[in-house]
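Okay, so here's the structure we're looking at.
The values are calculated or read from the model by the stated rules, or taken from the named source; none is laboratory data. Just so it is clear, the structure is predicted and the values come from calculations on it, not from any experiment. We place every Cβ from the backbone using ideal geometry, glycine too, and count neighbours over all the protein chains shown.
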Amino acid sequence: MNTRSKFHMLARAGYGARGIVFLMIAGLALFSSFASGSPDTQSALQAILQQPFGRIWIGLIGLGLAGFVVWRLAQSLGNADGQEDDLKGYAIRAALFGSAITYAGLALTSLLMAVQMSGGGGSGGEEGLAAWVMAQPFGRYLAGIIGIGFVVGGVVTALKGIKRSFGRYLDLDAEKNSPAVLISIYGLVARGVVFGIIGVFFLYAAFTVDPEQAGGMADALAWVHALPFGGIIYAIVALGLAAFGIYNFVEARYRRINAPEVGDIRQKLPLSRVH
């Protein structure tokens, strides 16, 4: 197996690992009335850990997520998807780099849990992140920028599903209403909605200068549940997160993986063009 094939395997394993985590989050959300834990990444990992051979499974998920981080870095730093050299392209790559950082933390948490070390707590770390950000100079404004980023990311993710633009990167005809395509659309829209709500929480935290007002996925779902007809909307969004998990399996199967060379990465870095 050559280096390029190993890279492809890492990326596809990463999508699969992320899919498993989101399926567990959706399961916790749907069965939260009699299941322990809240619907967030930490509780999803704990639920996997409690299964037979849980430490083996959680270790494999951690390794898979580490592969996903490598792929995200290739997308962001190496421009593996061939984004244009314009503001939109750089914004997409910046978002992908942020995703790499997020999943690096989740991969580390998984691997620590696999070797019986504490993986930390919290609902995805959003409140902790908000507290840390607000402790920095101009932290209130930084939290607001993060909130805007979440909202914009949510809109972009939802539109990615609605416009079927995800098909650009798949060896799959996204214009056909196949089960894989329809589930992918549903999952992306649901993920976008949750992203947007988390962003609003961050903006409110920045406005009130109170990091405890920031919330993660569990808080976003709880807010949805409190709406009029919230039980129905909550179930729709929770099922959508399960669909997003399945969408990751679709990507694991059909995603076009372009493994950049080290020289290509150096050439594509914006700083490499500054002399």
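Going by what's in this entry, would PHE7 be described as more than 25 Å from ILE183 (Cα to Cα), hydrophobic (A, V, I, L, M, F, W, C) and either in contact with a Lys or Arg (Cβ under 7 Å, 6 or more places away or on another chain) or modelled with pLDDT of 80 or more (or both)? Before you say what the answer is, go through the steps one by one.
Numbers: more than 25 Å from ILE183 (Cα to Cα): yes; hydrophobic (A, V, I, L, M, F, W, C): yes; either in contact with a Lys or Arg (Cβ under 7 Å, 6 or more places away or on another chain) or modelled with pLDDT of 80 or more (or both): yes.
Spelling it out, PHE7 is indeed more than 25 Å from ILE183 (Cα to Cα), hydrophobic (A, V, I, L, M, F, W, C) and either in contact with a Lys or Arg (Cβ under 7 Å, 6 or more places away or on another chain) or modelled with pLDDT of 80 or more (or both).
Do the conditions hold for GLY149, that is, is it touching a residue at least 12 places away in the same chain (Cβ under 8 Å), farther than 22 Å from VAL21 by Cα and not hydrophobic (A, V, I, L, M, F, W, C)? Steps first, please.
On the way: touching a residue at least 12 places away in the same chain (Cβ under 8 Å): yes; farther than 22 Å from VAL21 by Cα: yes; not hydrophobic (A, V, I, L, M, F, W, C): yes.
Spelling it out, GLY149 is indeed touching a residue at least 12 places away in the same chain (Cβ under 8 Å), farther than 22 Å from VAL21 by Cα and not hydrophobic (A, V, I, L, M, F, W, C).
Taking the stretch 30-58 as the region of interest, how many residues are assigned to a helix (DSSP H, G or I) and either modelled with pLDDT under 85 or more than 19 Å from the chain's Cα centre (by Cα) (or both)?
Restricting attention to the stretch 30-58, the residues satisfying the condition of being assigned to a helix (DSSP H, G or I) are 30, 41-49, 54-58.
When the remaining residues are screened for being either modelled with pLDDT under 85 or more than 19 Å from the chain's Cα centre (by Cα) (or both), the result is 30, 41-49, 54-57.
Result for the stretch 30-58: 14.
Of the conditions (1) surrounded by fewer than 21 Cβ atoms within 10 Å (Cβ to Cβ); (2) touching a residue at least 40 places away in the same chain (Cβ under 8 Å); (3) under 21 Å from LEU96 (Cα atoms); (4) touching a helix residue (DSSP H, G or I) at 6+ places or on another chain (Cβ under 7 Å), LYS160 clears all except one; give me its number.
The single condition LYS160 does not satisfy is (2).
Hey, can you tell me all the residues within the stretch 165-185 that are buried (at least 20 other Cβ atoms within 10 Å of the Cβ), at pLDDT 95 or above and either of a type outside the set (Val, Ile, Thr) or in a loop (DSSP other than H, G, I, E, B) (or both)?
Selection gives SER184 alone.
Pairs, please: C-beta under 9 Å, at least 6 apart or cross-chain, first residue touching a residue at least 40 places away in the same chain (Cβ under 8 Å) and within 23 Å of GLY167 (Cβ to Cβ) and in the stretch 75-104, second among the hydrophobic types (A, V, I, L, M, F, W, C) and not in a helix (DSSP H, G or I)?
Pairs found: GLY78/ALA259; GLY78/LEU269; ASN79/LEU269; ALA80/ILE257; ALA80/ALA259.
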